[in-house]
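To keep things clear, I will list the structure first and then write my remarks on it.
The values are calculated or read from the model by the stated rules, or taken from the named source; none is laboratory data. Just so it is clear, the model here is predicted, and its values are computed rather than measured. A quick note on method: Cβ atoms are made from the backbone with ideal geometry, for glycine too, and the neighbour counts reach across all protein chains shown.
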Amino acid sequence: MAEQTAASPRHIEVRQKALQQELLQLLDVVGPGQIVDLLLERSFQLRATDIHFDPSEQGLRVRLRVDGMLHDVLQVDHEQALPMISRLKLMAEMDITERRLAQDGHITRQFLDQQRDVRVGSVPTALGERLVLRLMPDSGALCHLDQLGLDSQQVSQLKRYISSPYGMILSAGPVGCGKTTTMYNCLDLLNESTRSLVTIEDPIERRVPGVNQIQIEPRFGFGFVEALRGVLRQDPNVVMIGEIRDPETAHIGVRAARTGVLVLSTIHANDAASSFDMFRDFGIPSMFIADSLHAVVAQRLLRKVCTHCKQTFVADEPTRHVLHAAGAPEGDLQLSRGAGCDACFQTGYLGRTGVFEIIGVEDDLKHALIAGASRGELVRIARARGMQSLQAAAARRVVDGTTSIEEMHRVLLSDPVSGERGA
């Protein structure tokens with residue numbers, strides 16, 4: 001996900017309490033159908049990524065996910081819940097009479113004078129049908145790599161790797177950390193008329209002019225493997241695979257990367273070095289991994305301190321110790337946190353930015369991979385060459401006031417996938 005800047009005044013006007021009041025007032029006047037339209041429009045204004053419609057004993061609980069966190073915006077009673085769910089399913093071209101099975105659908109329409117896509121998923125629960133809407137990002141919102149959160153050295157490093165005519169570049173991390181956005185921005189840099197670019201996705205998250213985008217359909221036997229096999233017969237220069245999730249896709253992707261295609265993809269791995277272990281688990285020989293993988297980019301998203309209620313304070317000794325251990329400069333440190341205001345849903349945070357670590361597969365790392373080096377040894381080699389870890393990148397963001405030490409703890413230091421404390 002691209003770094004999100006502080007909300008504009010237009011966005012700030014749409015606040016949690018005001019939105020709740022607006023929706024409640026309209027619910028009594030216009031009914032559930034119009035409420036759905038307004039909710040979708042306001043959700044795009046607030047930069048929400050998801051809308052949850054959760055059945056409860058009281059009716060339907062509606063929440064928005066903004067900056068990675070869910071916020072309550074509306075409680076709908078049973079009488080109004082059913083027509084609201086039916087309206088959403090009709091918009092998504094789903095079967096409104098089927099409430100016993102999971103369904104998928106999508107909505108494509110104009111919101112705020114832009115064509116936007118919404119992915120809709122329904123599942124039956126003990127209390128009724130649950131819907132979750134995924135608000136797909138603005139196709140025109142691609143930005144420069146440094147705006148994602150990479151520092152200047154990492155930007156230069158990544159640009160050098162993607163300029164190669166063949167090989168594989170991976171983005172690693174947990175669900176929702178912005179991996180696909182990073183790969184889209186790499187794809188955008190490569191998007192020239194002299195190249196044939198293809199993506200294989202589930203779902204297609206952004207429409208990119210000049211790129212052939214393929215939506216897989218597992219229900220019809222057209223998955224990543226089948227799509228990739230077909231694409232490789234069509235003379236591609238660059239192929240972006242939405243996700244490498246099984247051995248067969250990994251093997252075909254590696255084979256393509258070794259035979260003249262630049263492959264961009266994502267993988268659910270704890271950090272950059274863990275990606276090598278995952279490829280080994282997929283049964284790919286270490287020699288092929290060393291020969292095909294050019295770089296692995298691991299990332300996380302950190303919420304940014306709200307600029308409207310930002311406060312500064314001097315770090316205490318335990319906080320300084322944590323930051324110094326992660327590479328922050330010695331001495332006193334002045335840090336920031338948000339007090340909470342209407343602009344940030346009283347959370348103290350507004351927008352998100354990425355922190356990154358990049359392992360380039362240079363000669364020393366290739367030799368270590370072929371020799372069967374452990375993850376720890378690969379990390380040691382990468383750090384000796386100057387790799388900035390996720391923890392070090394996050395510490396820099398804390399020290400420069402972009403995020404808070406509490407957010408760094410939440411996302412990294414207490415997260416078992418961080419590879420550090422708590423692992």
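Observations, loosely collected:
- Within the range 199-253, tally of residues that are at pLDDT 95 or above, in a strand (DSSP E or B) and closer than 17 Å to Asn185 by Cβ: 6
Here is a yes/no grid of residues against (1) part of a strand (DSSP E or B); (2) touching a strand residue (DSSP E or B) at 6+ places or on another chain (Cβ under 7 Å):
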{"residue": "Leu60", "(1), (2)": "yes, yes"}
{"residue": "Met84", "(1), (2)": "no, yes"}
{"residue": "Glu93", "(1), (2)": "no, yes"}
{"residue": "Arg119", "(1), (2)": "yes, yes"}
{"residue": "Glu129", "(1), (2)": "yes, yes"}
{"residue": "Asp146", "(1), (2)": "no, no"}
{"residue": "Tyr161", "(1), (2)": "no, yes"}
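- Residues satisfying the stated conditions in the range 67-114, i.e. surrounded by 14 or more Cβ atoms within 10 Å (Cβ to Cβ), modelled with pLDDT of 90 or more and among the β-branched types (Val, Ile, Thr): Ile85, Ile96, Ile107
- Restricting attention to the range 309-355, the residues that are over 23 Å from Leu46 (Cα atoms), modelled with pLDDT of 95 or more and charged (D, E, K, R) add up to 0.
- Any helices (runs of 4 or more DSSP H) falling wholly within the range 317-423 and containing at least 2 residues that are more than 30 Å from Asp72 (Cα to Cα): 317-325, 363-370, 375-384, 390-399
- Any hit, the range 302-314, residues being farther than 26 Å from Met278 by Cβ, touching a helix residue (DSSP H, G or I) at 6+ places or on another chain (Cβ under 7 Å), assigned to a strand (DSSP E or B) and assigned by TED's automatic domain parsing to the domain that holds Gln391: yes
- Within this structure, Gly149 passes the test of being surrounded by 14 or more Cβ atoms within 10 Å (Cβ to Cβ), under 28 Å from Gly351 (Cα atoms) and in the same structural domain as Gln388 (by TED's automatic domain parsing).
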